[in-house]
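Report on one structure; see the data block that follows.
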Amino acid sequence: MVKRIAVLTSGGDAPGMNACLRACVRAGLYYGKEMYVVYDGLRGLVEGQIKQVNKDFTQDIINRGGTIIRSARLPEFKEEEVYMKAVDNLVDFEIDVLIGIGGDGTFKGLGCLSRKGIKVIGIPGTIDNDVGSTEQTIGFSTALNTICECVDKLKDTSGSHQRCSLIEVMGRHCGDLALYSALAEGAEGVICVEHPLKEDKLFRKLRKMKAQNKSHAIIIVSENLLDIHDLAKKIEKETGFDTRTEVLGRLQRGGSPSAEDRVLAARMAGMAINIALDESLDSQIVGIKSGNIVRYPIEEALKMEHEHTHGLRDLIDILQ
Ligand code: F6P
């Protein structure tokens, strides 16, 4: 029978990870299980940083950004001699089920453990919304709200100076933060993998806006695609629009989680604990699909690719 469940957070931190940790610990305790946390993500698992916790540990964390059990990136975790140390620690601590809250990298690490006979459960927590097995990740909603707050402010100053603002947002290689924020802000342009830059079209549009004496232009650019400073120079040269760049960076990862992220975190944690208690189930990844919390066997989930919201790109073009 399952007796001990451990929880860790790994990869880039995301708002809502604490809310999810809280819900996992409280649900596990409710069903009479011993609950543990692993500090510093997969790295802490390799180092054996495992500690038993009680309900008090989860007091006043539902609204806190970041992750109180910290996170880390450990690309070497895919090497057998590294992840076997983690397996040994889980066996030593007699942990029956490990819940990992994180993104793709974390899930790949969980996959290594699962193939060595450890029951693992993955909960998607990353601002990037780039996990194949879920339509939404914990942290995406908050990061999107943060971006919108920043863009609203930039619009004020941009409009006062009749400027074009190029705003770089995160997402690693996924354009969701860019696409959703462009839609939410009515941006004049968006550049991301799913909506690549068409220079001539962009310059034509900005020239026209300049000729119409428009007060400002907002262009959202996804990270890792191009150098926005170079693009800004080109825009100035080709269109005459005074242009400034803003890289929002890790600001997007901080802050108190939105109500949507807190609720998603609690629902996914509830599913994770149900899976942990169900001895007929092996390792699974939790997700949300059409509003319902779902689960997939880990090997199946690892092969799934993130699908973009149908029609979003077209809608952005229509509304510009
Ligand atoms: O995965 C979350 C994320 O914030 C990405 O959007 C970004 O590319 C990356 O992490 C940055 O990672 P780090 O803070 O480790 O440099």
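The values are calculated or read from the model by the stated rules, or taken from the named source; none is laboratory data. Just so we're clear, the structure is a prediction, and the values are computed from it rather than from any experiment. Note that we place each Cβ from the backbone using ideal geometry, even for glycine, and neighbour counts take in every protein chain shown. To get the accessible areas, we keep the full protein, side chains included, count just its heavy atoms, and leave off ligands, DNA and RNA. Shrake-Rupley method; radii C 1.70, N 1.55, O 1.52, S 1.80 Å.
What the table below lists for this structure:
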| quantity | calculated |
| --- | --- |
| Computed Kirkwood radius, in angstrom, where 1/r is averaged over Cα pairs of region 168-320 | 18.3 |
| Listed residue (ILE147, SER133, GLY186) projecting farthest to the positive dipole end of region 100-232, Cβ model | GLY186 |
| Whether region 181-243 is rounded, prolate or oblate, judged on the alpha carbon gyration tensor where a/c under 1.5 counts as rounded | oblate |
| Cα-centre dipole for the chain with unit charges at Cβ (Lys and Arg positive, Asp and Glu negative), debye to 20 | 660 |
| Zone of ASN63's modelled label, taken as backbone nitrogen in region 126-169 under 17 Å from a point 7 Å along Cα→Cβ | 142 |
| Packing-based ranking, highest mean first, of 140-152, 66-78 given that Cβ atoms within 10 Å are counted | 140-152, 66-78 |
| Mean-position separation - Cα centroids, region 43-101 and region 242-295, in angstrom | 18 |
| For region 45-155, convex hull volume per residue from C-alpha positions, Å³ | 128 |
| Per residue solvent-accessible surface (Å²) - the chain, probe of 1.4 Å | 45 |
| Most to least packed among 13-26, 183-196, 100-113, 50-63 [average Cβ atoms within 10 Å] | 13-26, 100-113, 183-196, 50-63 |
| Rounded FRET efficiency, nearest 0.05, which uses the C-beta distance separating VAL263 from ARG115 and R0 of 35 Å | 0.60 |
| Additional length obtainable on full extension of the chain from GLN212 to ASP56, 0.36 nm per residue less Cα span | 50.1 nm |
| Cut-off 20 Å, label 7 Å out along Cα→Cβ of ASP282, residues of region 294-317 by amide N | 294-305 |
| Dipole magnitude (debye, nearest 20) for region 174-248, charges at Cβ of Lys, Arg, Asp, Glu | 520 |
| Rounded to 5, percent antiparallel among DSSP beta bridges of the chain | 25 |
| Most positive-pole-ward Cα, THR239, PRO75, ALA86, against dipole of the chain from beta carbon charges | THR239 |
| Cα-Cα P(r), the chain, percent of pairs per 20 Å interval | 33, 48, 18, 1 |
| Calculated FRET value between LYS289 and LYS201, using beta carbons and R₀ = 30 Å, to 0.05 | 0.30 |
| Inter-label distance, nm, simple model (7 Å from Cα along the C-beta direction), ARG250/LYS78 | 2.4 |
| Carbon plus sulfur fraction of accessible area for region 64-168, probe 1.4 Å, in percent | 45 |
| Efficiency of FRET between HIS310 and GLN162 - r from beta-carbon atoms, R0 35 angstrom, step 0.05 | 0.45 |
| Overall form of region 1-109 per C-alpha gyration tensor (a/c, 1.5; a/b vs b/c) | oblate |
| Overall form of region 20-74 per C-alpha gyration tensor (a/c, 1.5; a/b vs b/c) | oblate |
| Karplus-derived HN-Hα couplings along region 134-151 (A = 6.51, B = -1.76, C = 1.60, θ = phi - 60°), whole Hz, x at Gly and Pro | 8, 7, 8, 9, 5, x, 5, 4, 5, 4, 4, 4, 5, 4, 4, 4, 5, 5 |
